[in-house]
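The values are calculated or read from the model by the stated rules, or taken from the named source; none is laboratory data. The structure displayed is predicted, hence computed values, not measured ones. Positions of Cβ are backbone-derived with ideal geometry, glycine not excepted, and every protein chain shown enters the neighbour counts. Calculation scope for accessible area: heavy atoms of the full protein, side chains included, ligands and nucleic acids excluded. Shrake-Rupley method; radii C 1.70, N 1.55, O 1.52, S 1.80 Å.
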Amino acid sequence: MAEAQLGAPPASPGFDPPPSDDLLLPVEELPASESSPDLVYRRVRDELMLDGNARLNLATFVTTWMEPQARQLMTDTAEKNLADRAEYPQITAMEARCVRMLARLWHAPDPERVRGCSTTGSSEAAMLGGLALKRRWQERRRAQGRDTGRPNLVMGANVQVCWKKFANYFEVEPRYVPMAPGRYHLSPEALTAYCDDNTIGVVAVLGSTFDGSYEPVADLCMVLDGYQAATGTDIPVHVDGASGALVAPFLDPGLMWDFQLERVASINTSGHKYGHVFPGLGWALWRDAEALPEDLVFEVDYLGGRSASFTLNFSRPGAHVVAQYYSFLRYGFEGMRSLAAQCRTTACALAARIRSIPPYELITDGSELPAFAFRLAPGTPGPTVFDVSRAMRARGWHLPAYTFPVPCQDVSVLRLVVRTGFTAELAGMFITDLTEVTRQLHTGRAASPLPEPLAAT
Ligand SMILES: Cc1ncc(COP(=O)(O)O)c(C=O)c1O
């Protein structure tokens, strides 16, 4: 919509400040009466200016740039409720097509047997994946005449908070395999010590939130094969591919992590990360109907027509599914590969550049997810990564600093995520600022001369 139509302030000079009453619109309680749409639009939009600039946010994996045509489609479909399947059969068809595209991309042996759905994000998809694992385990135990009281889920201490929520909300004991110095994600050697016949599944993360590294899904599966051979206990794997499941298929075709591995029962991803859709969209897929217990699927007919529902939410925006369908059709395999490759190239170039700025050292180098973590070399006196994060924030960059979980709590890092829209020019400006901030923090002096901008990536 044109700004002028919406009563945006005309270019100065000549801007009339709103009457003082308008400025006093209550915001902590429902206003007593109506206000003009133009006025409220301006007020809300002005307030939003205080939020950060999404393009300078290096903290998030979530899409902050979409093409105008995709934005337009989202606007065109903003009122469509995904739950209204009888009213919007075409969006339902698009959702089903996206599921089949993902099933093929993730090498399902029989894509027609795959069950799947869109979700609000990977968190909801993870809840559904975990729930299906729990229900399958309970069914197996009941069939054996055994108790179903103490299910546990095994995962690395690096899992995203959604898995901690799952364990808490759905009353499953979380078993976190701790990190060790130099090993910051789940690895095969430590795994089986945490498994027993109450284990409903193992979560393997393709693209650790902490440092962007891939967990070795195939090796984890192999160890579980050995465990089954030794104990008779068959433990399925859920792959949390929130970011990596839409990166690895394009950039790491030789990597075994998906439904090619028989032990992988289900996979989630976030359409709103490397699927190039604004937040919130996720996907959950099960290799076949056996992996998704029938009693988790509800038949609904309230909105006319019967449809199967197996999400935690009911009403949800249809626009995100439409946008995902657009991005899959628009980019195709080669386009998705090219976007992911640009991100990885930029991430690797940035990591290499940061490695050369003392006193930083890399934890990861951007060669798996286009994201990496780096820290100040151990023993560096003076400012911490938290000071660096704050100083970068003052320049507009959102570069998060955090500490790894126990027993690696002495490792504090900065993490940088590269998404589409983070151009070589921005990368160059970032390096310039990081170099200067670091020099200032460590010398207490302004930097001069500034380094060369980063070469094109
Ligand atoms: C590995 C992993 N799993 C799950 C999530 C949660 O995803 P969402 O924000 O789509 O709910 C994230 C978010 O960054 C993640 O990195």
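Do we find that Asn152 is touching a His at 6+ places or on another chain (Cβ under 8 Å) and either open to solvent by 60 Å² or more (accessible area, probe 1.4 Å) or not charged (D, E, K, R) (or both) in this structure? No, not satisfied.
Of all residues in the stretch 350-374, none satisfies the criterion of being of a type in the set (A, V, I, L, M), open to solvent by 10 Å² or more (accessible area, probe 1.4 Å) and touching a Gly at 6+ places or on another chain (Cβ under 8 Å). Just one of the listed residues (Leu296, Leu285, Leu255) is within 19 Å of Ala103 (Cβ to Cβ) and either among the hydroxyl-bearing types (Ser, Thr, Tyr) or open to solvent by less than 10 Å² (accessible area, probe 1.4 Å) (or both), and it is Leu285. For the stretch 109-151, a residue qualifies if it is within 16 Å of the ligand (Cβ to nearest atom) and within 16 Å of Phe170 (Cα to Cα), and the qualifying residues are Ser123, Glu124, Ala125, Ala126, Met127, Leu128, Gly129, Gly130, Leu131, Leu133. When the criteria are applied in full, Leu186 fails the requirement of being closer than 18 Å to Ala291 by Cβ and crowded, with 21+ Cβ neighbours inside 10 Å.
Within the stretch 258-273, the set of residues being open to solvent by 10 Å² or more (accessible area, probe 1.4 Å) and not acidic (Asp, Glu) comprises Gln260, Leu261, Arg263, His272, Lys273.
Looking at this structure, is Ala193 over 12 Å from Glu368 (Cβ atoms), away from the ligand (no atom under 12 Å from the Cβ), open to solvent by 20 Å² or more (accessible area, probe 1.4 Å) and at pLDDT 95 or above? Judged against the criteria, Ala193 is a match. Set side by side, the residues Val223, Val247, Val217 differ, and just one is more than 16 Å from Ala126 (Cβ to Cβ) and crowded, with 24+ Cβ neighbours inside 10 Å, which is Val247.
The single condition from (1) hydrophobic (A, V, I, L, M, F, W, C); (2) in contact with a Gly (Cβ under 8 Å, 6 or more places away or on another chain); (3) within 15 Å of the ligand (Cβ to nearest atom) that Phe170 fails is (3). Just a yes or no: is a residue in the stretch 52-61 open to solvent by 40 Å² or more (accessible area, probe 1.4 Å), closer than 27 Å to Ser123 by Cβ, part of a loop (DSSP other than H, G, I, E, B) and modelled with pLDDT under 90? Checked the stretch 52-61: at least one residue is open to solvent by 40 Å² or more (accessible area, probe 1.4 Å), closer than 27 Å to Ser123 by Cβ, part of a loop (DSSP other than H, G, I, E, B) and modelled with pLDDT under 90. Listed by first and then second residue, the pairs linking a residue in the stretch 310-333 that is without any contact (Cβ under 8 Å) to a residue 40 or more places away in the chain and under 14 Å from Cys117 (Cβ atoms) to a residue that is open to solvent by 60 Å² or more (accessible area, probe 1.4 Å) and polar (S, T, N, Q), with Cβ atoms under 6 Å apart and 6 or more places separating them unless they lie on different chains, form an empty list. One residue alone among Leu48, Leu23 is modelled with pLDDT of 85 or more and loosely packed, with under 11 Cβ neighbours inside 10 Å, and that residue is Leu48. Would you be able to say whether some residue in the stretch 76-92 is open to solvent by 40 Å² or more (accessible area, probe 1.4 Å), under 23 Å from the mean Cα position of the chain (by Cα) and in contact (Cβ under 8 Å) with a residue 40 or more places away in the chain? Yes, because at least one residue in the stretch 76-92 is open to solvent by 40 Å² or more (accessible area, probe 1.4 Å), under 23 Å from the mean Cα position of the chain (by Cα) and in contact (Cβ under 8 Å) with a residue 40 or more places away in the chain. The C-beta contact set for the stretch 256-272 (first residue within 16 Å of the ligand (Cβ to nearest atom), second residue of a type in the set (Phe, Trp, Tyr) and in a loop (DSSP other than H, G, I, E, B), distance under 8 angstrom, 6+ apart or interchain) comprises Asp258/Trp106; Val264/Trp257; Ile267/Trp106; Ile267/Phe259; Ser270/Phe61; His272/Phe278. Checked against (1) over 21 Å from the mean Cα position of the chain (by Cα); (2) open to solvent by less than 80 Å² (accessible area, probe 1.4 Å), Glu173 meets all criteria but (2). Inside the stretch 163-197, residues that are closer than 22 Å to Leu131 by Cβ and either in contact (Cβ under 8 Å) with a residue 60 or more places away in the chain or of a type in the set (Ser, Thr, Tyr) (or both) make up a count of 4. Of the residues in the stretch 315-330, at least one is open to solvent by 50 Å² or more (accessible area, probe 1.4 Å), closer than 30 Å to Gln138 by Cα and either touching a strand residue (DSSP E or B) at 6+ places or on another chain (Cβ under 6 Å) or not in a strand (DSSP E or B) (or both). Go through (1) away from the ligand (no atom under 16 Å from the Cβ); (2) among the hydrophobic types (A, V, I, L, M, F, W, C); (3) under 30 Å from Ser367 (Cβ atoms) one by one and return the number of the condition Ala323 breaks. Checking Ala323 against (1) away from the ligand (no atom under 16 Å from the Cβ); (2) among the hydrophobic types (A, V, I, L, M, F, W, C); (3) under 30 Å from Ser367 (Cβ atoms), the one that fails is (1).
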